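The values are calculated or read from the model by the stated rules, or taken from the named source; none is laboratory data. Fair warning: this is a prediction, and the values are worked out from it, not measured in the lab. Positions of Cβ are generated from backbone atoms using ideal geometry, with glycine treated the same way; all protein chains shown enter the neighbour counts. Keep in mind that these areas ignore ligands, DNA and RNA; they rest on the heavy atoms of the full protein, side chains included. Shrake-Rupley method; radii C 1.70, N 1.55, O 1.52, S 1.80 Å.
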Amino acid sequence: MWKLVPERLGGGIPFIQRFKDGWVRRNRKLIIANAAQYAMPAELLAGVCWIEVGGDPDSIDRIAFDVRSFDWSGPDWIDQHLTVTHQPARTSFGAVSMQLRTAAQTLGMNPAKMPHAQLSQLADCLQKDVFNIVLVARHLRMLIDHDGPQTAPPALSMDQVRIAGARYNRGIDLSLEQIRKNTRYGDFIVKFWPRFSGLLK
């Protein structure tokens, strides 16, 4: 709707922003509860949710996952040298978009050793908002802890919020110095903090 229908007919950017606002409002109790559970400001979790919702439909993600799973079905030599698609575990699922490999690692599992059926079950779970929000909050807590919080939870400085947001977008493998070179994702959360506070009321 927001990509195909012009603003004058009710689509465009205003449509997707209203959708995002409505999604966060509808799920505010879950967002607040899980932010408290994982000791972080609710606005941080709400900001990640707001940014991520409204992406590709689940049906598109499922098609991408199935194509990648077929392409990576072996034998190993072909997978490593001739396969052109991303690995299936790099497919994102859920309203709050999360790659399967990130979800698996957050749950303490090794995505490289998970069979197709188990990855598919995890994808189904991520498409349920309750599970999705819980896992995003848990992952954010891991990202915060990765850089070592300097304040007692749930109080975080805006710089820590900025870094945690940037890591959600860019990953845990980069050094803090590398993350600081591009914190646009986290900057957005800090900039619109009052908006997210309002949506949670």
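Using the heavy atoms of the protein chains alone and a 1.4 angstrom probe, what is the accessible area of region 140-201 per residue in square angstrom? Intermediate results must be reported in sequence, preceding the final value.
Working: 3460 Å² over 62 residues.
For region 140-201, the per-residue accessible area is 56 Å².
For the cross-link pairs LYS128/LYS201; LYS20/LYS128; LYS29/LYS113; LYS113/LYS181, which exceed 27 Å when the distance is taken from alpha carbon to alpha carbon? The pairs that break the limit, which is 27 Å between Cα atoms, are LYS29/LYS113; LYS113/LYS181.
Rounded to whole numbers, the Karplus 3J(HN,Hα) couplings from phi for region 18-33 are 5, 4, 4, 4, x, 5, 5, 4, 4, 9, 4, 5, 5, 5, 5, 5 Hz, using 6.51 cos²θ - 1.76 cosθ + 1.60 with θ = phi - 60°, and x at Gly and Pro. Measuring only protein heavy atoms, the 1.4 Å probe finds MET109 accessible over about 70 Å².
Just the protein heavy atoms count here, and of the accessible area of region 105-201 at 1.4 Å, carbon and sulfur take up 55 percent.
Subtract the Cα-Cα distance of MET142 and LYS29 from 0.36 nm times their separation in residues, and report this length gain in nm to one decimal.
This chain segment gains 38.5 nm when fully extended.
List the trypsin sites (Lys or Arg not before Pro) within region 129-188 that fall in a DSSP loop (any state other than H, G, I, E or B) and whose Cβ has at most 13 other Cβ atoms within 10 Å.
Details: sites: ARG138, ARG141, ARG162, ARG167, ARG170, ARG180, LYS181, ARG184; in loops: LYS181.
Hits after loop and neighbour filter: LYS181.
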